[in-house]
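Notes to accompany the following structure.
Nothing in this text is a laboratory measurement; each read-out follows from the coordinates by a stated rule. Bear in mind the structure is a predicted one, so any value in this text is a computation, not a measurement. Here the Cβ positions follow ideal geometry from the backbone for every residue, glycine too, while neighbour counts run over all protein chains shown.
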Amino acid sequence: MEYLIDGQAKVIDLSGDFRLLDGSIYEDWYGRPAAKSSLVEKAVYGLSEWNREDIAKAKLIANPGCYPTAVLLGLAPLAHNNVIDTSTLIIDAKSGTTGAGKNPSEMTHFAEMNDSFKVYKVNQHKHTPEIEQQLERWVGFKEPITFTPHLVPMSRGIMATMYAKVNDSLTKTKVEQIYRDAYEKTPFVRVNSSRYPATKEVYGSNFTNISYHLDERTGRITVISVIDNLVKGAAGQAIQNMNLMQGFEETEGLWAMPVYP
């Protein structure tokens, strides 16, 4: 790796090896030795919509995980405007079985998964510190989050539903303005508060569909974000990052409509 990035090569890494800055945290959650700190320090976190300038100059990209992509794109506008209490944040996420990789296991076996709905790795999923680390960068302090993943009997897609307390002064009009300002010029993020997004609407595409709903009665906001875990949650975002690194059009090779219905 060092040989590659010290030369002319540019690298986009889809593993989790360069996402976490603290090697001890990586080893605790991933259960294996961390990458060299000298390489981790050079890596740029490849959340395309929120890190364009650094990605364009980078030689090593840490491509985000699939769950963090859905979660962070949904929460980023609120975090950047400091209108949510991250200590109250609860994330409830569901993924298709391809999120578990291609190796066969009892958990994803057809007879076990068909017509079933499973929770797994409660308070233990390795994407938890990745989400926490990025939120810390945005809000300036670290709060532990509650993140619960589930497997649903479909091949692909992620739906992340996030709940958090909001500032007393936040209104529905203000929330609408926050999301409009954040994503009105982004080609792959589509925001619509008038309907609920579904994974089928982004199937096979690099799009992220987001909906937000402020409950003034409880003082909470609910944000729903859907992606295709194999495209925007993996290879599609890697291509988007490559386009930014190489100075290509950001949409090059990615401007395809979802496979729907």
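Between residue 168 and residue 109, the modelled label-to-label distance comes to 5.6 nm, taking each label 7 Å out from Cα in the direction of the beta carbon. Rg then Dmax, both in Å and based on the Cα atoms of the chain: 18.0, 57.
Taking 7 Å steps out from each Cα toward its Cβ at residue 30 and residue 88 produces label points 3.5 nm apart.
Net charge dipole, the chain: roughly 360 debye, given to the nearest 20, about the Cα centre with Cβ charges of +1 for Lys and Arg and -1 for Asp and Glu.
I need the shape label for region 109-261. Rule: rounded when a/c is under 1.5, else prolate if a/b > b/c, else oblate, with a, b, c from the alpha carbon gyration tensor.
Numbers: a/c = 1.42, a/b = 1.09, b/c = 1.31.
Judged from the Cα gyration tensor, region 109-261 comes out rounded (a/c under 1.5).
In the chain, the DSSP-assigned H stretches of four residues or longer account for a calculated mean residue ellipticity at 222 nm of -8500 deg cm²/dmol, using -39500 (n - 2.57) per stretch and the full residue count as denominator.
Only bridges whose two residues both fall in the chain count here: according to DSSP, what percent of them are antiparallel, nearest 5? Present the calculation step by step, with values, prior to reporting the outcome.
Details: 25 of 39 bridges.
Around 65 percent of the beta bridges assigned by DSSP in the chain are antiparallel ones.
Along each principal axis, taking the top coordinate minus the bottom one, the Cα set of region 1-152 gives 50, 40, 27 Å in descending order.
If packing is taken as the average number of other Cβ atoms within 10 Å across a peptide's residues, how do 59-68, 117-126 rank, most packed first?
On the way: 59-68: 24.9, 117-126: 13.0.
In descending order of packing, they fall as 59-68, 117-126.
Note on residue 121 and residue 6: the model spin-label points, each 7 Å out from Cα along the C-beta direction, lie 3.3 nm apart. Select from 13, 22, 115 the residue whose mean-square fluctuation is largest in a Gaussian network model of the chain (Cα-Cα springs shorter than 10 Å). Taking springs between Cα atoms under 10 Å, the residue moving most is 115.
What the phi angles of region 188-196 give under the Karplus curve with 6.51, -1.76 and 1.60, with θ = phi - 60°, is a coupling list of 10, 10, 10, 10, 8, 7, 8, 8, 9 Hz, glycine and proline written as x.
If you take the alpha carbon atoms of region 93-185 and fit the smallest convex hull around them, that volume is 155 Å³ per residue. Where in the chain are the DSSP H helices whose C-alpha atoms run 18 Å or more along the long axis and whose mean Kyte hydropathy is at least 0.0? Membrane-span-like by this rule: 66-80. When only alpha carbons are used to place a centre, region 202-260 and region 101-152 end up 18 Å from one another. Among 199, 222, 188, flag the residue with its Cα farthest along the positive direction of the charge dipole of the chain, charges on Cβ as +1 for Lys/Arg and -1 for Asp/Glu. Going by the Cα projections, it comes out as 199.
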